[in-house]
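Encoded as structure tokens, the structure appears first; notes follow it.
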Amino acid sequence: MATHTKPADGALTLVEMKEFASFSPATQRYIRRALDIGLGRRDAMRRWSRDAGEAASIRAQERIYRRLDHIRANVPDDSGLDELEPMMGALITMTAFDLGQDRLPDFASYRFLYERLVGAAVRAWLPGAFCAAAALPHLHPEKRRALLQSISEAAATAPGWSNREPAFFPEWVDKVDLTVAG
């Protein structure tokens, strides 16, 4: 049986693509790299490493992202505090790593990445994890200020969250030689 996409699905995918396009090139690159690592899409070291520093960063990210299966398996079904502990510590640790890489400059880029890494079920927990990680002392005070000011009141106080899974997962795109393509 063929699956049919509703017109609204296409419109929402386009909104996700536009949001991704609004991020800086460095943020876009980091999100694609993180998705390659977190979703096991391809050899991130070969694809993304340009120098020894970046190779070390990728290895560290691979170690930190080993928490993803645990986080996905432990996202609470509701806001009960009893179910919070198994997931939130790992989510904050992973968030702190990503924010410390200085490529996710605001809540919007963080949310975009983590909705794809973990899934729609984590949306309710992202503002808390982001604020907790953004307030940690491993970040420069000015960076902490910028990150914490980037979360809107609406995002921090949302009465509910969509359970629609993200549809657009950005990937590496090879450059096209226009002299050959034309």
> Are any residues in the range 93-109 part of a helix (DSSP H, G or I) and surrounded by fewer than 21 Cβ atoms within 10 Å (Cβ to Cβ), and if so, which ones?
Replying inline: THR93, ALA96, PHE97, GLY100, ALA108
>> Checking the conditions here, which among LEU104, LEU99 is in contact with a helix residue (DSSP H, G or I) (Cβ under 9 Å, 6 or more places away or on another chain), touching a residue at least 60 places away in the same chain (Cβ under 8 Å) and among the hydrophobic types (A, V, I, L, M, F, W, C)?
In response: LEU104
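Residue-by-condition table, conditions (1) out of contact with any Leu (no Cβ under 7 Å at 6 or more places or on another chain); (2) on the phi < 0 side of the Ramachandran plot; (3) at pLDDT 90 or above:
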residue	(1), (2), (3)
LEU14	yes, yes, yes
MET17	yes, yes, yes
ARG47	yes, yes, no
GLN61	yes, yes, yes
ARG66	yes, yes, yes
HIS70	yes, yes, yes
ALA96	no, yes, yes
ARG103	yes, yes, yes
TYR110	no, yes, yes
> Looking at ARG67, ARG29, ARG47, ARG72, which is the one that is more than 15 Å from the chain's Cα centre (by Cα) and under 26 Å from ALA167 (Cβ atoms)?
Replying inline: ARG47
> What single numbered condition from (1) at pLDDT 95 or above; (2) surrounded by fewer than 11 Cβ atoms within 10 Å (Cβ to Cβ); (3) not hydrophobic (A, V, I, L, M, F, W, C) fails to hold for ARG32?
Replying inline: (2)
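Here is a yes/no grid of residues against (1) more than 15 Å from ALA132 (Cα to Cα); (2) polar (S, T, N, Q):
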{"position": "GLN61", "(1), (2)": "yes, yes"}
{"position": "ILE71", "(1), (2)": "yes, no"}
{"position": "MET88", "(1), (2)": "no, no"}
{"position": "GLU115", "(1), (2)": "yes, no"}
> So ASP78 clears everything in (1) at pLDDT 95 or above; (2) outside any helix (DSSP H, G or I) except one condition, right? Which one?
Replying inline: (1)
> Mind checking whether some residue in the range 119-136 is over 15 Å from ALA34 (Cβ atoms) and without any contact (Cβ under 8 Å) to a residue 24 or more places away in the chain?
Replying inline: yes
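A quick yes/no check of all residues on (1) closer than 19 Å to ILE31 by Cβ; (2) β-branched (Val, Ile, Thr); (3) part of a loop (DSSP other than H, G, I, E, B):
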position	(1), (2), (3)
PRO86	no, no, no
LEU91	yes, no, no
ARG111	yes, no, no
LEU117	yes, no, no
PHE130	yes, no, no
ALA133	yes, no, no
ALA154	no, no, no
TRP161	no, no, yes
GLU165	yes, no, yes
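The values are calculated or read from the model by the stated rules, or taken from the named source; none is laboratory data. Being a predicted model, the structure only gives us computed values, none of them experimental. Cβ coordinates were reconstructed from backbone atoms using ideal geometry, including for glycine residues, and neighbour counts include every protein chain displayed.
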